[in-house]
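Please treat every number below as a calculation from the coordinates, not as lab data. Computed from a predicted model, the values in this text were never measured in an experiment. As a convention, Cβ positions derive from the backbone with ideal geometry for all residues, glycine included, and neighbour counts pool all protein chains shown.
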């Protein structure tokens with residue numbers, strides 16, 4: 001099995017589920033945002049403050065290209081990784097891409113007290129999450145081989161669903177998922 005790449009919005013559980021998948025498969029786990037922080041010695045919010053979103057997105061692209069160049073990695077991407085068409089192609093071509101579909105309400109619950117997400121440092125987090133979802137959901141769907149809804153199950157159960165769907169094949173994951181029928 002090639003790289004497994006988790007995409008989706010903030011609060012989808014990409015890092016938690018990714019760690020479980022990596023452990024179950026005996027693979028290395030990488031989180032693209034944490035790798036950027038390690039490489040730069042700066043937090044994501046500080047990079048946004050100094051370089052703006054465009055500067056961060058270039059760093060993100062470079063890091064994604066490096067991380068998917070190998071094989072047998074479980075990778076959790078940042079929520080905006082799909083904004084650049086180059087990233088969408090890079091991810092789709094270099095691994096099994098799993099979109100962890102998460103409704104806005106659940107995203108809001110999981111991120112409402114988080115101060116480390118620059119795009120959520122606004123007056124109305126829910127409205128921001130709704131706007132981001134409207135903008136990004138079609139891009140996640142375009143990039144994904146599998147779409148898995150994250151609602152109501154433990155991260156371990158989600159990891160097992162991903163492993164089963166990966167074995168059944170990408171079309172099974174897309175066709176049988178209610179999140180795909182919006």
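As a footprinting exposure proxy, order 49, 33 by other Cβ within 10 Å, with the fewest listed first. Please report the intermediate quantities before stating the final value.
Details: 49 12, 33 24.
The order, fewest Cβ neighbours first, is 49, 33.
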> Roughly speaking, what is the stretch gain from residue 54 to residue 164, that is 0.36 nm per residue apart minus the C-alpha to C-alpha distance, in nm to one decimal?
Replying inline: 35.9 nm
> On average, how much area does the Cα convex hull of region 4-181 cover when viewed from any direction, in nm²?
Replying inline: 9.6 nm²
> Rounded to the nearest 0.05, what FRET efficiency do residue 126 and residue 46 have when you use their Cβ-Cβ distance and R0 = 30 Å?
Replying inline: 0.70
